[in-house]
Amino acid sequence: MCGIVGYIGHNRDIRIGLEALKRLEYRGYDSSGVAFYNKETKQIDSMRAVGKIVNLEEKMGGLDLKGSPVLFHSRWATHGNVTEENAHPHQDCKGNVFVVHNGIIENYQQLKDKLIKEGHTFTSQTDTEVIPHLIEKFFEGNLEEATRKALALVKGAYALGIIARDDPNKLVLAKYSAPLLIGIGENNEYLAASDPSAIITHTKNVVYLEDGELAILTSIPGGFSIEDYSRNPVKRAPRETEWNVEDAKKDGYAHFMLKEIMEQPKSIKDALRGRIVLEDGSVKLGGLEDIKEKLKEVERVQVLACGTASFMGKVGEYMFEEYAGLSSKGDIGSEFRYKKPVIDKKTLTVVISQSGETADTLAAVKEAKRKGSPTIGIINTMGSSIAREVEQGIYTHAGPEIAVASTKASTAQLAVLALLSLYLGRQRDLSLVMGQRMGKELLRLPELIKKVLERASDIEGIARKYENIKNLWVMGRKYNYPAALEGALKIKETAYIHAEGIAGGELKHGALALIDEDFPTIAIVPSDSVYEKMVSNIQEIKARKGPVIAIATEGNEDIKSTVDDVIYIPKTLEMLTPILSIIPLQLFAYYLGVLKGNDVDKPRNLAKSVTVE
Ligand code: M6R
């Protein structure tokens, strides 16, 4: 997804911003660019390149590139092909105003038609290009003033970085429905970024902009101010971001995805830390204190999320029904926002997102709020748009997740969903004994996960055996049906193999027709309440010569005679089995992707954070 980096301060090498931009590479992009004020020529210089950021770096190579202010951008195409002309920064007709933009300008076509009639010349197919031309139209020497007037005409989502040759000591930022923050550097240096990970090597002191705010950065002491579009000043103290540089490195692993899979004992521990009160068989969730009484009145749960997070939400549905006795239903954000959802103040909306920036999930939560539903976010990224939109939140504390394919953040979401079902359950009929049992079993998870990870090389061996498959079912029931959906998504994302998740009971309703000796199935078959049913499904597949890899509970020797390969997971409470069964699926997907020579950290066509619809 697009990335913004800005800098204003001393007249220093602009590569300071390039290094920050590279930290955003994990988000996915297809081209990049830079614009900076050259104090010698008193002009803004600009360069753009298609492909990797190193292509831009090569273009910048031999030049003496000192300047301030500076804007960098990495683009993930939405309007217009991947070309140099469509890459940001975009400029006005006079080479005065330069703009980088994340988001989508919804009324750009009307604005563009009007601007063309007024004599402006466009050079790209992007929605973004209307912004510099609109600013040009209103520019009378003061950049923020012109920006304010321009934005009054714009509809859509945007994080904007803007500089102007004829008002050169400013970097102007504006935000609406797309993340943007200011980094406070030393010696009157300021940075801007769409994601805190870009600037953590420079500063941990950040100020997040809110929707409808404009920031003016200048390189003088106290040199930033924030105001709303009506010029009312906004006072917001900087806060320290929780991200640190170590988190963003690979720690010797070949890929971030593997590092993040291996970090799960720690991420689960962090998600649970200080939250389980064993003596009361309950949990302490600080974020829910203010709505404790409201939550007692809730009669239903609506879960909202996209992709992997939606599958984790589906596991949550089973948990809320079984342990809190609450009717529960999940929707993907992109569908929910266009439905006529029947929810009210008695329906608790639980929103799940790693990035906290997924546009569809954000829109869905806004709709739920509009209907009067109390909202709780299960979010990984502090201060993100969804974290700020929900009424209350429970952070997952999984740490930054860099690989596009979600791993540690998703199991942390499951751990938090289990905590929430325990919390809601104890407000209702869940017994002290059961609450204590859940609490104890949750606390064992980090050790159990370590045992699963010790089997990584066995799983790699199994991946080698199935390296050339073209299709795959991942099959599960009850809590492990969503785990199957997640396993299949992981395999699609990293190995580019056609894989589908299926509920065991659905096999006979059509899917069985595909089974033959070349169509393997991964069956998630822990020793739980649906074990026998799953074994029957496995028999149906074996009777048609389909190869089966089982994910089974340690100690189950019987399964070996039925299936072709077995991956064992330790025994735990049925509701927690997905946390353990998903991990071998992550590893299987990872090794298949590596064997195929794929860029597993940045799968083709995908972005880490989907901030457009
Ligand atoms: O940041 P979010 O959790 O809101 O992201 C939701 C999905 O885009 C995300 O889970 C996606 O499906 C991942 N690529 C899965 O690995």
Which distance in Å, rounded to a whole number, links the C-alpha centroids of the range 392-456 and the range 104-157?
47 Å
Given the Cα-Cα distance of Lys294 and Ser561 and 0.36 nm per residue of separation, how much length would full extension add, in nm?
90.9 nm
Work out, step by step, the length gained on full extension between Val433 and Ser327: first 0.36 nm times the residue separation, then minus their alpha carbon distance; give nm to one decimal.
35.9 nm
At R0 = 51 Å, FRET efficiency that the Cβ-Cβ distance of Ser230 and Val277 yields, to 0.05
0.60
Just to be sure I understand: of the beta bridges DSSP finds with both ends in the chain, what percent are antiparallel, rounded to 5?
60 percent
Computed E for Glu335/Lys596 - FRET, C-beta separation, R0 35 angstrom, nearest 0.05:
0.65
Compactness check, the range 3-241: C-alpha Rg relative to the 2.2 N^0.38 Å globular estimate gives 0.91
In nm, give the distance between the simple-model label positions of Arg12 and Arg239, each being 7 Å from the Cα along the Cα-to-Cβ direction.
2.7 nm
For the range 253-452: Kirkwood Rh in Å [reciprocal of mean 1/r, alpha carbons]
16.7 Å
For each of Val206, Val82, count neighbouring Cβ atoms within 10 Å of the residue's Cβ, then give the residues from fewest to most.
Val82, Val206
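If I require 24 Å or longer along the helix axis, counting alpha carbons, and a Kyte-Doolittle average no lower than 0.5, what helices from the chain are left? Use full DSSP H segments.
Membrane-span-like by this rule: 408-427, 577-595.
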Mean residue ellipticity (222 nm) of the chain, computed from DSSP H runs ≥ 4 via -39,500 (n - 2.57), nearest 500
-10000 deg cm²/dmol
Grab the eigenvalues of the alpha-carbon gyration tensor for the chain, scale each by 5, take roots, and send me the semi-axes largest first in whole angstrom.
46, 27, 22
Can you sort Leu21, Leu573 from fewest to most other Cβ atoms within 10 Å of each residue's own Cβ?
Leu573, Leu21
Using the structure shown, list the pairs from Lys22/Lys175; Lys149/Lys170; Lys366/Lys608; Lys366/Lys408; Lys346/Lys490 with a Cα-Cα distance above 24 Å, or answer none.
Lys366/Lys408; Lys346/Lys490
Neighbour-count ranking for Cys306, Cys2 (other C-beta within 10 angstrom, fewest to most) reads Cys306, Cys2
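Where a number appears in this text, it was derived from the coordinates with a stated rule and is not lab data. Fair warning: this is a prediction, and the values are worked out from it, not measured in the lab. All Cβ positions, even for glycine, are placed from backbone atoms using ideal geometry, and neighbour counts span all protein chains on display.
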